[in-house]
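What follows is a set of notes on a single structure, which appears directly below.
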Amino acid sequence: MKNLLATASPAHVAAAGSRARYLTGAIFLAYCLYLPFSGYREMVYDALNYWTLTERFFHDGRFQLLSYNDALRGYFLPLLNLPAKAIAHFTHVEPLVLTRLMGAAWAALLFGWVAPALWLRLFPRHHLGWGPRVAFAALGFLFWRDYFNFVLSDFPALLAVLLSLLLALRPPSLGRTILVGACFMAAYNIRPVYLLAAPAVLGLVVVAALHARQPLTAVLGLALGCSLVSGPQLLMNGQHHGTWTPLVLSRDARLPTANLYLAQLGWGLVVQKYETSLDPEFPSPRMLYTDPAGQALLQRQAIRHFTSYADYGAAVLREPLTFAGLYARHLFNGLDVQYPTLFVRAVAHRSVLLSGLQYSVWFAALLVAGSWLAAPGKRPRLRPGLVVAALLLPCLASLPIATECRFLLPLHVLLYAVACFGGAQWLGPPRHYSPRMALLLAGYGLFLGLCFTVSARTLSHLTHDVTVLAPLGGAEAQP
């Protein structure tokens, strides 16, 4: 593969486009048929909050963009939800009817079009037939389907950042780089953790601009696109909070330092995973998977809460191995999807078969990536490396906190893509039984056993007792 971005044949491009259109439509239809029977009757907690945030655009009964004054979350997602909110208001249609249509659209665009298109842009000589595409979409459905009932931030933000990466890989033009900047800033405004992907996105734009000898056009377009989305946030922050910054403030007045991420760093010491329950048989909405090692560290270092990132850094330097173990547990538990929903309706209902499938996908992705990197003549390439960095850097910021599976969504989707798309290209069917295959099967068995063991150990620490957060302050808020 001399040129990673070599142009594929017209027939290949046409076939890929046809598959993408048909599959996108089929995924949308499948979710439209499934979601009304998923068991949810109303919006609660974060989902309800995102839905009602649209009301902040109105002042004295009139829409005013700059009236939005929430200090915790950016304005862009509530703005996207505004048409659905207006339709529900004027027609009295149940909000879940509209949010499910929006969710079906997010799922179809992500799993049917954008993610496969990004893969083909990186590897244009690959041929993604129906099998890999359907497998990829099926994994998304099996593990995330009930999230699409609600107007949550996770999937729109990921879709926006994937669009920015897809556009950044194309030959640069003023209009295209404006869209790159706008899509990236939209992703950031929806989920501020995506700001960490900025160097990778910028790197992709610079590489494409230097190759096309259009650096000025690329820089101007990127700056203009970012300004189009971040400009209103700057004006909102200045008008309502006296802080003239285009960044989302992420402030929560209920917390000791008002900084949500600093509070999350503290919670992450004692809670290795967090989920939300709607199960009437579970005593509390909060499902806290405590971390005994983190609780012991909290007592040793007499930590109440972190007042600055320097404080947290000092704590890490005092016990780096303990923190490394904590991050490893958070990584595993953030990847270990036990429920296909943000709001768990039956805590005891965990599928061993789905867990086994999930761990098998991880193993396959590791095997595919290792096989590709170890192949003769293969070297890490710049553009795929930058795309992977754009997806993984935001996930790194989620490792120290009380993690939820959706916080590592970019990594989940990357693993699915490598296993399904990469596996179809770089792993051929086994030709015959060999000692190497026996070793591989043994490794697979050990890997499954280890994953089930760690998952069971995490489950053994499940509690509803929110007082585990009391030493850190702000327990009345939310982890």
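The values are calculated or read from the model by the stated rules, or taken from the named source; none is laboratory data. Everything numeric here is computed off the predicted structure, so don't read it as measured data. Here Cβ is always computed from backbone atoms with ideal geometry, including for glycine, and neighbour counts include all displayed protein chains. Keep in mind that these areas ignore ligands, DNA and RNA; they rest on the heavy atoms of the full protein, side chains included. Shrake-Rupley method; radii C 1.70, N 1.55, O 1.52, S 1.80 Å.
For beta carbons closer than 8 Å, sequence separation of 6+ or different chains, a first residue in the stretch 330-341 that is open to solvent by 30 Å² or more (accessible area, probe 1.4 Å) and a second that is in a loop (DSSP other than H, G, I, E, B), the qualifying pairs are Leu331/Leu399.
Let's see how each residue does on (1) of a type in the set (Gly, Ala, Ser); (2) in contact (Cβ under 8 Å) with a residue 12 or more places away in the chain; (3) within 30 Å of Leu247 (Cα to Cα):
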{"residue": "Asp70", "(1), (2), (3)": "no, yes, yes"}
{"residue": "Leu77", "(1), (2), (3)": "no, yes, yes"}
{"residue": "Asn81", "(1), (2), (3)": "no, yes, yes"}
{"residue": "Arg100", "(1), (2), (3)": "no, yes, yes"}
{"residue": "Ala105", "(1), (2), (3)": "yes, yes, yes"}
{"residue": "Gly112", "(1), (2), (3)": "yes, yes, no"}
{"residue": "Asn149", "(1), (2), (3)": "no, yes, yes"}
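The residue that is nearest to Ala187 (Cα to Cα), counting only those in the stretch 250-279 that are in contact with a Lys or Arg (Cβ under 9 Å, 6 or more places away or on another chain) and in a loop (DSSP other than H, G, I, E, B), is Ser250.
When residues of the stretch 220-249 are filtered for being hydroxyl-bearing (Ser, Thr, Tyr) and over 19 Å from Leu80 (Cα atoms), how many remain? Number of matching residues: 2. As for the stretch 200-212, it holds at least one residue that is open to solvent by 20 Å² or more (accessible area, probe 1.4 Å), part of a helix (DSSP H, G or I) and over 24 Å from Leu393 (Cβ atoms). For the stretch 334-351, the tally of residues that are part of a loop (DSSP other than H, G, I, E, B) and in contact with a Phe, Trp or Tyr (Cβ under 7 Å, 6 or more places away or on another chain) stands at 5. Just one of the numbered conditions (1) surrounded by fewer than 20 Cβ atoms within 10 Å (Cβ to Cβ); (2) touching a strand residue (DSSP E or B) at 6+ places or on another chain (Cβ under 6 Å) is not true of Ala302: (2). Scoring Pro394 on the criteria (1) modelled with pLDDT of 95 or more; (2) farther than 30 Å from Tyr261 by Cα leaves a single failure, condition (2). No other residue among Val97, Val93 is of a type in the set (Val, Ile, Thr), modelled with pLDDT under 95 and either more than 16 Å from Ala186 (Cα to Cα) or touching a Leu at 6+ places or on another chain (Cβ under 6 Å) (or both) apart from Val93.
Apart from one condition, Leu35 fits all of (1) closer than 24 Å to Val229 by Cβ; (2) hydrophobic (A, V, I, L, M, F, W, C); (3) open to solvent by less than 40 Å² (accessible area, probe 1.4 Å); the exception is (1). For the stretch 38-63, the set of residues classified as more than 23 Å from the chain's Cα centre (by Cα) and surrounded by 14 or more Cβ atoms within 10 Å (Cβ to Cβ) consists of Arg56, Phe57, listed by residue number. The one condition from (1) open to solvent by 50 Å² or more (accessible area, probe 1.4 Å); (2) in contact (Cβ under 8 Å) with a residue 24 or more places away in the chain that Pro320 does not meet is (2).
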